[in-house]
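Peer 1: This is the structure I want to talk about, given as C-alpha cells.
The values are calculated or read from the model by the stated rules, or taken from the named source; none is laboratory data. The model shown is predicted, which means the values in this text are computed figures rather than measured ones. Here Cβ is always computed from backbone atoms with ideal geometry, including for glycine, and neighbour counts include all displayed protein chains.
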Amino acid sequence: MKFGIIKERKNPPDRRVVFSPEKLTEFKAEFPEAEIEVESSDIRVFSDEAYQLNGFKVVDDISSCDVLLGVKEVPIDALIPNKKYFFFSHTIKKQPYNRKLLKAILDKNIELYDHEVIIRADGSRLIGFGRYAGIVGAYNGFRAIGLKNESYNLPKAETLPNQQALIDELNAISIPKLKILLTGSGKVANGAKEMLDATNTQEVSVDAYLSQEFDSSVYCMIDVLDYNKRKDGQVIDRYDFYNNPKQYESDFMRFAKVTDFFIAGHFYGDGAPYLYTREDAKKSDFNIQYVADISCDINGPVASTIKPSTIADPIYGYDPISEKEVNYKEQGAITVMAVDNLPCELPADASEGFGDMFLQHVIPAFFNGDKDGILARAKMTENGRLTDRFRYLQNYVDGKE
C-alpha cells in the first residue's frame, strides 16, 4: 500500500502536517512494507529537504498513492478520484459551506475518513489537535491580559518555535494576581492545565476557590457537575448529565462571582445549559474580566463569545450592557480571545503530537485487517455512497436541509 502526505491548499494557509519527517521515519521502520511519498509544499512547517534527508521521495504528482493524508479540507479541484483520503472535512454537523465538498467526494468515488470520527468503540475520539489548542489558548489568554492592562507584552505564539518557548515567555513576566477558572476534562482543558502548571500557578479545590482569598494566582479546574445542577436537586453522575442535559440548569454564576480569568476548555453538547447568558454578564456581581474561549461556540454557552477571532487579530472586547463588540481596552469591556484555529500557531509541536496519535491508532489498522474497527467507523463514503453510519447526511448532500 502506498501512502501520500499531501500539500495543504486551503486558505488561510495551514502549516501543519499529519507526519513530521521524524514521525514518518518511525512509520516506515514499524511498517517497512509501506511505500510513502511526500507532496512538495512551500508552506509546510517542515521543509521538503527535511523529508528528503530522512530518505523520503518528494514529488509534485501524488496520484500514484492509494491513501492520501492531509489536515484541512482539500479543495474540490484538487481531489483525485478513486482514492482514500484522510482530513478534517467539517461536514459531519452538516456545515453548509462544505456541502459541495462532500458531494464532490461522492461524485469522485473517494473513500473519505474524517479525522474527527476516528473513534474507539465507545465513541471517544482518538485523533485531534485539542491539546495544542489548550496550550496556545491559555498562552493567548495571558497575552491578552498583558495587552489590556499594558503591563507586559508577550510575543504572538505563532512567532515562537514550540511549547517550551511559550512557557519560557510566561515565566519571564510578572503575571498579576488572578483567580483563574478552567472548564473541561479532555485534551483541550489538559493542554491549558499544562501551561498553568508550568507557570507554577497553584491549583485549588472548588470549595477553596469559591470561599477563600489567596496571596498569589490560583486556578480551579471544573467539570460539568461543578457548573451544572439537576433541576430536581438530585446528584447523580456526569453520564446522567450527558444523557439528560435538559434536566439540568447552570450553576456557573457561583464561579463567575469570584473569577477574574476564565479559560473555556469544555465540550458543549446540544441541549446543555449555557454557562452564562448575556443577562448573567450584566449582573453587578459578575466578575469575569478576561476570557480565553478555546471551545469557541459562537453566540452560545459563553455569552461574551459573539464571534471567532483570528490569529492576525486575536482579541476583541464584549460590552455586557450593549451586548456588542467594542475595543477590548474600553473600560468595562470583557476581554475575549476566541481564535478558532489555535493549533495552527504551534504547527511543529501540533504536527508531532498528531503524528504520534495517528501512528499509534490508525496506521496499524491498514496492516492488521482493521481488527479494532478503527477504519470501518471512520469511513464516511464508499463506492460513491454514504456509509450506514453517515447516511443521516444524505439530505444535506442533496441540498434538502
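Peer 1: List the residue pairs whose Cβ atoms are under 8 Å apart, where the first residue sits in the stretch 350-368 and is in the same structural domain as Asp114 (by TED's automatic domain parsing), the second is of a type in the set (S, T, N, Q) and buried (at least 18 other Cβ atoms within 10 Å of the Cβ), and the two are 6 or more positions apart or on different chains.
Peer 2: If the second residue must be of a type in the set (S, T, N, Q) and buried (at least 18 other Cβ atoms within 10 Å of the Cβ), the pairs left are Ser351/Ser20; Glu352/Ser20; Gly355/Ser20.
Peer 1: If you don't mind, there's one more thing I want to ask. In the stretch 272-310, what residues are surrounded by 19 or more Cβ atoms within 10 Å (Cβ to Cβ), in a loop (DSSP other than H, G, I, E, B) and not hydrophobic (A, V, I, L, M, F, W, C)?
Peer 2: Pro273, Ser295, Pro301, Ser304, Thr305, listed by residue number.
Peer 1: Inspect the stretch 47-68 for any residue being in the same structural domain as Glu22 (by TED's automatic domain parsing), part of a loop (DSSP other than H, G, I, E, B), within 25 Å of the chain's Cα centre (by Cα) and in contact (Cβ under 8 Å) with a residue 60 or more places away in the chain and give the result as yes or no.
Peer 2: Within the stretch 47-68, none of the residues are in the same structural domain as Glu22 (by TED's automatic domain parsing), part of a loop (DSSP other than H, G, I, E, B), within 25 Å of the chain's Cα centre (by Cα) and in contact (Cβ under 8 Å) with a residue 60 or more places away in the chain.
Peer 1: Something else about it: Would you point out which residue out of Lys7, Lys2 is touching a strand residue (DSSP E or B) at 6+ places or on another chain (Cβ under 6 Å) and farther than 22 Å from Ala350 by Cα?
Peer 2: Lys2 is the lone residue from the list that is touching a strand residue (DSSP E or B) at 6+ places or on another chain (Cβ under 6 Å) and farther than 22 Å from Ala350 by Cα.
Peer 1: Just give me the residues in the stretch 375-401 being hydroxyl-bearing (Ser, Thr, Tyr) and either surrounded by 12 or more Cβ atoms within 10 Å (Cβ to Cβ) or closer than 16 Å to Ile119 by Cα (or both), in sequence order. Let's see the steps before the verdict.
Peer 2: We begin by selecting, within the stretch 375-401, every residue hydroxyl-bearing (Ser, Thr, Tyr); these are 381, 387, 392, 396.
If the condition is that a residue be hydroxyl-bearing (Ser, Thr, Tyr) and either surrounded by 12 or more Cβ atoms within 10 Å (Cβ to Cβ) or closer than 16 Å to Ile119 by Cα (or both), then Thr381, Thr387, Tyr396 are the ones that fit.
Peer 1: Can I ask one more? Might you check whether a residue that is in a loop (DSSP other than H, G, I, E, B), of a type outside the set (Gly, Ala, Ser) and within 24 Å of the chain's Cα centre (by Cα) occurs anywhere in the stretch 95-114?
Peer 2: Taking the stretch 95-114 and keeping what is in a loop (DSSP other than H, G, I, E, B), we get 95, 108-110.
Add one more test, that the residue is of a type outside the set (Gly, Ala, Ser), and what stays is 95, 108-110.
Pick out the ones that are also within 24 Å of the chain's Cα centre (by Cα) and you get 95.
Yes, some residue in the stretch 95-114 is in a loop (DSSP other than H, G, I, E, B), of a type outside the set (Gly, Ala, Ser) and within 24 Å of the chain's Cα centre (by Cα).
Peer 1: Report every pair of residues separated by at least 6 positions or lying on different chains whose Cβ atoms are under 7 Å apart, first residue within the stretch 324-336 and in contact (Cβ under 8 Å) with a residue 24 or more places away in the chain and at negative phi, second surrounded by fewer than 19 Cβ atoms within 10 Å (Cβ to Cβ) and among the polar types (S, T, N, Q).
Peer 2: Ile334/Gln289; Thr335/Gln289
Peer 1: Answer with yes or no whether Lys329 is modelled with pLDDT of 95 or more, of a type in the set (D, E, K, R) and not assigned by TED's automatic domain parsing to the domain that holds Glu33.
Peer 2: Yes.
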